[in-house]
Amino acid sequence: MTSITDADRLDRLEKIIDELAERSRVEVIVVEGMRDIEALRKLAVFGNIRSLQVGNSVMNFCEHLSKEYERFIIMTDWDRKGGQFAHLLRKAIESCGARYDDSLRANIARLTKKSVKDVQGLPGFIESLQKAVERNAFAKRSLRRTNRKY
């Protein structure tokens, strides 16, 4: 199994975030809590985001949202509790006749590995990746300068 570089990981995460931002204009992103909404806003996802923490059951939550949206993007945390919420959401969304996509959640979980387990940790993780990529690029430029023959 090959390991991807920080630059590749960052690039893939930024593409997923861009896709979330674009799709959230017409679809609804479902997260667990208000901090998850704040984290996505920090990443410039300003579209339709709803939190499960509104006092309703998952079924009532989905029934209400399915009147407004045909497609849901499940973006619960990728820890055990988030996985349970994702499972409940998939069942409830299907029973309401709507469609869901949880592939972006799965892709983020794969790209963050064990470094991040929740949505609210994404902005910090992406920022640390950006810094690592910048340091690496700077180190490569410095190495090229020291290896020049004059």
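Computed from the coordinates by the stated procedures, all read-outs in this text should not be read as laboratory data. Owing to the predicted nature of the structure, the values given are computational and were not obtained by experimental measurement. Quick reminder, even Gly has a Cβ in these numbers, built from the backbone with ideal geometry, and neighbours come from all protein chains shown.
Please sort by residue number the trypsin sites (Lys or Arg not before Pro) in segment 73-128 whose DSSP state is loop and whose Cβ has at most 13 other Cβ atoms within 10 Å.
Numbers: sites: ARG80, LYS81, ARG90, LYS91, ARG99, ARG105, ARG110, LYS113, LYS114, LYS117; in loops: LYS113, LYS114, LYS117.
The qualifying sites are LYS113, LYS114.
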### Query
How far is helix 122-146 tilted, in degrees, relative to the longest principal axis of the Cα atoms in the chain, given as a value from 0 to 90 rounded to the nearest 10?
20 degrees
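R0 = 41 Å: FRET efficiency of SER57 with ASP11, Cβ-based, nearest 0.05? If you can, show how the numbers build up before the last one.
Values: r = 39 Å, r/R0 = 0.95.
Given R0 = 41 Å and the Cβ-Cβ separation, E is 0.55.
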#### Entry: Sparse-neighbour loop sites [chymotrypsin sites (Phe, Trp or Tyr not before Pro); segment 1-74; at most 15 other C-beta within 10 Å; DSSP]
PHE46
### Karplus-derived HN-Hα couplings along segment 78-95 (A = 6.51, B = -1.76, C = 1.60, θ = phi - 60°), whole Hz, x at Gly and Pro
9, 8, 4, 4, x, x, 5, 4, 4, 4, 4, 5, 4, 5, 5, 5, 4, 5
### Task
Could you please state, rounded to a whole Å, how far the C-alpha centre of segment 1-48 is from the C-alpha centre of segment 119-138?
14 Å
